[in-house]
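Asker: Pasting a structure below so you can have a look.
The values are calculated or read from the model by the stated rules, or taken from the named source; none is laboratory data. As the structure is a computational prediction, the values presented were derived from the model and not from experiment. Quick reminder, even Gly has a Cβ in these numbers, built from the backbone with ideal geometry, and neighbours come from all protein chains shown. Just so you know, the surface numbers come from the protein's heavy atoms only, side chains and all, with ligands and any DNA or RNA stripped out. Shrake-Rupley method; radii C 1.70, N 1.55, O 1.52, S 1.80 Å.
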Amino acid sequence: MNLSPAARAVFVELLVHGPLSRAEVARRLELSPSVLTKLTRPLLAEGFLVEEPGPAGVPGRPSVPLRVEPARRAYAGVKLTDSELFAVRTDLGGAVTAEVRLPLEGHEVGRVVGRIAEAVALLPGDEPPAAVGVSLAGPVSRADALVRHSPFLGWREVPLAGLVTAATGLPAVLENDVRALTAAVHWFGAAAGRGTFALVTIGEGLGCGIVVDDRLLVGTAGVSGQIGHLAIDDRGPICERGHRGCARAYLASPSIRRTARAALDRPSLTFEQALDLARRGDPVARRIFDEAGLALGRIVATIANLIGPEVVVLSGEAVHMHEVCEAAFEAALGEHTHWTSEPVEVRVQPFAFTEWARGAAVVALRHDLGVA
Ligand SMILES: [Zn+2]
């Protein structure tokens with residue numbers, strides 16, 4: 001979309017907070033009614049905005065709510081893992097309308113790009129998506145057209161955005177997977193409309209996305225929010241990088257599985273089985289998840305102390321463990337929050353694996369709108 005900065009601000013306000021009356025949008029953005037009318041007219045004419053007249057509403061009046069028409073445009077989002085890709089199609093409102101999952105046969109760049117194009121083509125929809133977002137773990141950001149380094153794919157300096165555009169004929173944008181998910185949470189998730197917040201993901205790895213004053217923190221070289229190996233307790237378990245008692249060693253699902261297998265002498269125990277044992281009161285499993293909860297509370301308190309967020313959102317594949325370790329989490333959050341502050345509001349956003357791909361689609365949407 002080709003939007004002026006002022007029209008973009010109006011559109012995003014309605015996308016994230018709408019429906020809103022013209023009068024309310026004008027108030028929020030400090031615009032005069034005549035300027036707002038001028039800004040919304042072309043968006044209404046092109047069908048990106050629609051009026052929602054109530055029983056007494058008269059079209060064109062300042063009190064009639066405006067909203068974004070979600071079906072007006074679609075986006076594709078692709079999340080790459082080392083063994084498969086997940087692709088979704090979303091509407092302009094970030095709602096998933098179709099999804100596809102394809103295995104990757106090896107990591108050779110040309111074949112992965114071919115798979116991405118195949119997945120995008122398989123997503124059903126009336127019109128092609130306006131843009132494609134691709135997300136993956138590691139140091140990559142929207143400002144880059146290339147993947148600098150992807151340890152899990154074994155890639156260095158791969159110009160993925162250009163290759164995806166060549167293969168699909170669509171604008172393509174790359175983003176780190178946690179940051180892409182943060183973008184979705186910022187506009188359409190548990191922190192929708194909040195200006196300053198953090199997202200913490202727990203699962204195979206630990207991730208942290210940070211939004212300050214409505215801007216997604218990218219960091220130098222596409223690296224920010226690296227909470228994975230924060231020191232928690234130097235008497236704790238050891239992570240695969242050799243740190244004693246780091247965040248990963250306490251919290252990542254593979255670490256919990258490893259600790260539980262050793263402590264319970266059950267070499268084939270899964271993460272979910274360990275979680276179930278804790279839920280049913282097994283004292284050994286309980287202790288492992290309580291320690292994970294303490295680590296998580298300490299991490300969230302540390303982030304809150306640093307950035308002063310309105311809310312911290314927890315998500316990721318293993319976020320359902322929060323209910324099992326909630327008491328320990330709350331205790332540590334209270335203990336490590338700065339004594340002059342109240343503990344931050346924490347929201348748990350339930351997770352499905354397609355959320356990663358949805359995040360990539362929201363990055364494509366933001367790219368299309370020209371939002372940083
Ligand atoms: Zn570590």
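Asker: Under a plain spin-label model, where a point goes 7 Å from the Cα along Cα-to-Cβ, how far apart in nm are D82 and E69?
Answerer: Rounded to a tenth, the inter-label distance reads 4.7 nm.
Asker: Something else now. So if each residue of separation counts as 0.36 nm, and I subtract the Cα-Cα distance between R27 and W339, what length gain in nm does that give?
Answerer: Difference between extended and current length: 108.6 nm.
Asker: Right, next: Rounded if a/c is under 1.5, else prolate if a/b beats b/c, else oblate: with a ≥ b ≥ c from the C-alpha gyration tensor eigenvalues square-rooted, which is the range 193-348?
Answerer: Since a/c reaches 1.5 and a/b is larger than b/c, the shape of the range 193-348 is classed as prolate.
Asker: Take the alpha carbon gyration tensor of the range 149-221, find the square roots of its eigenvalues, order them as a ≥ b ≥ c, and report rounded if a/c is under 1.5; if not, report prolate when a/b exceeds b/c, else oblate. Could the numbers behind the result be given before it?
Answerer: Working: a/c = 2.26, a/b = 1.56, b/c = 1.45.
Cα axes put the range 149-221 in the prolate bin.
Asker: Additional query: Grab the Cα-Cα distance for V96 and V109, subtract it from 0.36 nm times how many residues apart they are, and report the gain in nm with one decimal.
Answerer: 2.0 nm
Asker: What is the helix-to-structure angle for 283-307, meaning the angle in degrees between its Cα long axis and the longest Cα principal axis of the chain, kept from 0 to 90 and rounded to the nearest 10?
Answerer: 40 degrees
Asker: Positive end of the dipole of the range 5-68, charges at C-beta (+1 Lys, Arg; -1 Asp, Glu), about the Cα centre: which of S63, L20, L31 has its Cα farthest in that direction?
Answerer: L31
Asker: For F152, put the label point 7 Å out on the Cα→Cβ axis and report which residues of the range 186-202 keep their amide N under 19 Å from it.
Answerer: 199-202
Asker: By per-residue mean of other Cβ atoms within 10 Å, what is the highest-first order of 357-367, 68-78, 113-123?
Answerer: Output ranking for 357-367, 68-78, 113-123: 357-367, 68-78, 113-123.
Asker: May I ask for the net charge around V100, where only other residues with Cβ less than 14 Å from the Cβ of V100 are counted and Lys, Arg are +1 while Asp, Glu are -1? Can you show the working numbers first?
Answerer: Values: positive: K79, R89, R101, R115, R358; negative: E84, E99, E118.
Once positives and negatives cancel, what remains is +2.
Asker: Under a Cβ-Cβ cut-off of 15 Å, what is the net charge of the residues other than V346 that fall near it, where Lys and Arg count +1 and Asp and Glu count -1?
Answerer: Local net charge: -4.
Asker: Sticking with this one: In whole percent, what relative contact order does the range 176-298 give with Cα contacts below 8 Å and a gap of six or more residues?
Answerer: On the way: 186 pairs, mean separation 19.5, N = 123.
The value is 16 percent.
Asker: List every residue whose amide H lies under 5 Å from the amide H of E310, counting only residues 5 or more places away in sequence or on a different chain, with H placed 1.01 Å from N in the peptide plane.
Answerer: For E310, the qualifying residues are T196, F197.
Asker: How would the range 5-68 be classified by its alpha-carbon gyration tensor: rounded, prolate or oblate, with rounded meaning a/c under 1.5 and the a/b versus b/c comparison settling the rest? If you can, show how the numbers build up before the last one.
Answerer: Values: a/c = 1.44, a/b = 1.29, b/c = 1.12.
Because its axes are fairly even, with a/c under 1.5, the range 5-68 counts as rounded.
Asker: If you roll a 1.4 Å probe over the heavy atoms of the protein chains, what accessible area per residue do you get for the chain, in Å²?
Answerer: For the chain, the solvent-accessible area averages 44 Å² per residue.
Asker: Accessible area of the chain with a 1.4 Å probe: how many percent of it is carbon plus sulfur?
Answerer: After summing per-atom areas, the C and S share lands at 52 percent.
Asker: Provide the convex hull volume over Cα atoms per residue for the range 38-115, in Å³.
Answerer: 117 Å³
Asker: Let me check I've understood the local charge: for H322, count other residues with C-beta under 11 angstrom from its C-beta, Lys and Arg +1, Asp and Glu -1. What total comes out?
Answerer: So the environment of H322 carries a net charge of -2.
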